[in-house]
Each structure stands twice: as structure tokens, then as C-alpha cells.
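Chemist: For reference, the structure I am asking about is given below.
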Amino acid sequence: MRTNVSNALLLLAFAVFILAACSGKKNEKEAPEPTADELIQQGEYLVTIMGCHDCHSPKDVGPQGSTLIPDILLSGYQASKPSAPADPACIKDGWVLITMDLTTAAGPWGVSYAANLTSDQTGIGNWTQENFKRALKEGKFKGLENGRTLLPPMPWSNFVNIQDEEIEAIYAYLQSTKPVNNVVPAPLSLEELAQMR
């Protein structure tokens, strides 16, 4: 009987030793780094589900709704369009005005224009990934540390908890897009808007 107890204790000690040794090893294999193509595909997926096209892609608008214009995806408000005819009096009465293709918005902040997110130098082609991260997570214009806060309707505060891997994927996708040369106008204050009327 004593031998059985000794053998059982020895077996238990051996099991504890094995478990302790195994607990220091990773049970899961680390996921391999995504390829450049996989990173771009993930970024395209994120840009689509996050609604970036809603404001940053010009659209043809008709009776059936809006259709993205493939040649100028993510190029923001088109500088060739006429200025916003927003009425400051309507804004002061509590209205927010948005163009049909959603690339321009007017509200208490003035008039804001959706940015060019393409890989062109007039878009984000010369931004670093750090600039892009700062713009998304901190709402800084052009991702500059001392830049002004991004204007509505850009929902940058929704992205404060976005993961670095997601930012990397989105940035990789945007840098892979067709460059569209389009200098988006600077925002207008309500005072500037009133002077234009």
C-alpha cells in the first residue's frame, strides 16, 4: 500500500512538473505578419465598413440615391465645384446643411469640406503613418501636433480607441489608392460665409 501511495505521489509530482514546464510555452502560434496585399485588403475593408466613402468620395446623386464615382474615390470635395450657397441665418437658427454628395457641411463651425484621402500629394500622399494616426485618434488637422482640431462632421472622436494594426492597414490601403490631384478648399467661418452672400 505504501508503494502505491509513493508511486501516486511521484506520478502527481511528475504531472505538476510537466504542467509547470508547459505553462511557460505559448499554447497558440503567433499569427504571421500580413503580406502587403493582405494589409491593403484589410485597410480597404475597414475604410468601407467605417463609412469613409460617405463623406470623402464624391458621388453622382439621382432619384435612386447616390453612386460613387470610381475615378475620384476618396478624393474629397471637388475644388471645381461652386462654393457652398449656405445661408448663415439658417445655421444660426439651428440648421446644419450638407450637400447631396455629403462632401460639404455647414454648421455653427462654418463650412467644412471633406479632405482628399488619396495617395496624391494634394491628399495624404506625403503624410507619415504617425500623421495619419494623430489625425484619426487626436483629431489633428493633417496629423500635425499643433494642428487645429478637425471640423465636423469628421467623427474623429469615434476612432480614439482604434488599434495600431487597424491604422496601419487603413494607411496602407489609402497609400495604395489611385492619386487624384484635388486641392480641397480651406474651411470658411460663418463670417466669411456671410460676406460671400
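The values are calculated or read from the model by the stated rules, or taken from the named source; none is laboratory data. Please read these numbers as outputs of a predicted model, since none were measured by experiment. Cβ placement follows ideal geometry from the backbone for every residue including glycine, while neighbour counts extend to all protein chains displayed.
Chemist: If the requirement is being in contact with a strand residue (DSSP E or B) (Cβ under 9 Å, 6 or more places away or on another chain) and either closer than 24 Å to N182 by Cβ or of a type in the set (S, T, Y) (or both), which of these qualifies: L74, L46, L68?
Modeler: L68
Chemist: Pick from the range 99-136 the residues that are among the aliphatic types (A, V, I, L, M) and out of contact with any Gly (no Cβ under 9 Å at 6 or more places or on another chain): which of them is nearest to I167 (Cα to Cα)?
Modeler: Among them, the one singled out is L102.
Chemist: Moving to a separate point now. Restricted to the range 13-65, and to residues that are of a type in the set (S, T, N, Q) and exposed (fewer than 10 other Cβ atoms within 10 Å of the Cβ), which residue is modelled with the highest pLDDT?
Modeler: So the residue we want is T35.
Chemist: I need the helices (runs of 4 or more DSSP H) fully contained in the range 129-196, keeping only those with at least 2 residues that are crowded, with 19+ Cβ neighbours inside 10 Å and free of Cβ contacts under 8 Å to residues at least 40 places away in the same chain.
Modeler: Answer list for the range 129-196: 129-138.
Chemist: Out of (1) of a type in the set (A, V, I, L, M, F, W, C); (2) at pLDDT 95 or above; (3) under 19 Å from A86 (Cα atoms), what's the single condition that is false for L117?
Modeler: (3)
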